[in-house]
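Just below is one structure, and these are the notes that go with it.
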Amino acid sequence: MEDLSFSLEIEFDSQEEAEIIYKSILLEHLDTQIKSRSRMEVRGRTLKVETYARDLSILKASLYSYLRWIKVSESIYKIIGKE
């Protein structure tokens, strides 16, 4: 069976924000390489995540995890930035 995949690209307001979000989810990213494989990188203001898995439910769980981690990190970044 061929691997299923998704590619996620999120553009932030600045390169600094993209890099901070990247660094804040990096440990989670590294710990999730058991049932799926992912690559994550920052290109300018864009955070790019590519994930591959053999099972659709694992791929979907991975996507939801990345979206949740990014959203939480972005919310904290915005809150801290207002102070």
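Bear in mind these aren't lab numbers, they're just calculated from the coordinates by the rules spelled out. These numbers come from a predicted model, not from an experiment. Cβ: placed from backbone, ideal geometry, glycine included. Neighbour counts: every protein chain shown.
Annotations
- Annotation: aspartates and glutamates with alpha-carbon distance below 13 angstrom to K48 (same-chain offsets under eight excluded): E9, E11, E19.
- Order of I20, I80 - criterion: other Cβ atoms within 10 Å of each residue's Cβ, fewest first: I80, I20
- Loop-located GluC sites (Glu not before Pro) in region 1-57 (DSSP state not H, G, I, E or B) with no more than 12 neighbouring Cβ atoms inside 10 Å: E2.
- With the helix formula -39500 (n - 2.57) applied to DSSP H stretches of n ≥ 4, the chain reaches a computed 222 nm mean residue ellipticity of -18500 deg cm²/dmol.
- In terms of Cα atoms, the Rg and Dmax of the chain work out to 13.3, 50 Å.
- Label-to-label distance, nm, for residues given as E11 and E50 (7 Å Cα→Cβ offset): 2.0
- Estimated dipole of the chain in Debye, rounded to 20 [Cβ of Lys and Arg +1, of Asp and Glu -1, Cα centre]: 200
- Simple rule: put +1 on each Lys or Arg Cβ and -1 on each Asp or Glu Cβ in region 4-82, find the dipole, and look at S75, Y22, S38; the Cα lying farthest toward the positive end is S38.
- ³J(HN,Hα) computed for each position of region 14-26 - Karplus, 6.51 cos²θ - 1.76 cosθ + 1.60, integer Hz, glycine/proline x: 8, 5, 4, 4, 4, 5, 5, 4, 4, 5, 6, 9, 4
- Approximating the spin labels as points 7 Å out from Cα along Cα→Cβ, the I80-to-K35 distance works out to 3.1 nm.
- For region 9-76, the list of trypsin sites (Lys or Arg not before Pro) that fall in a loop by DSSP and count at most 15 other C-beta atoms within 10 angstrom reads K35, R45, R54.
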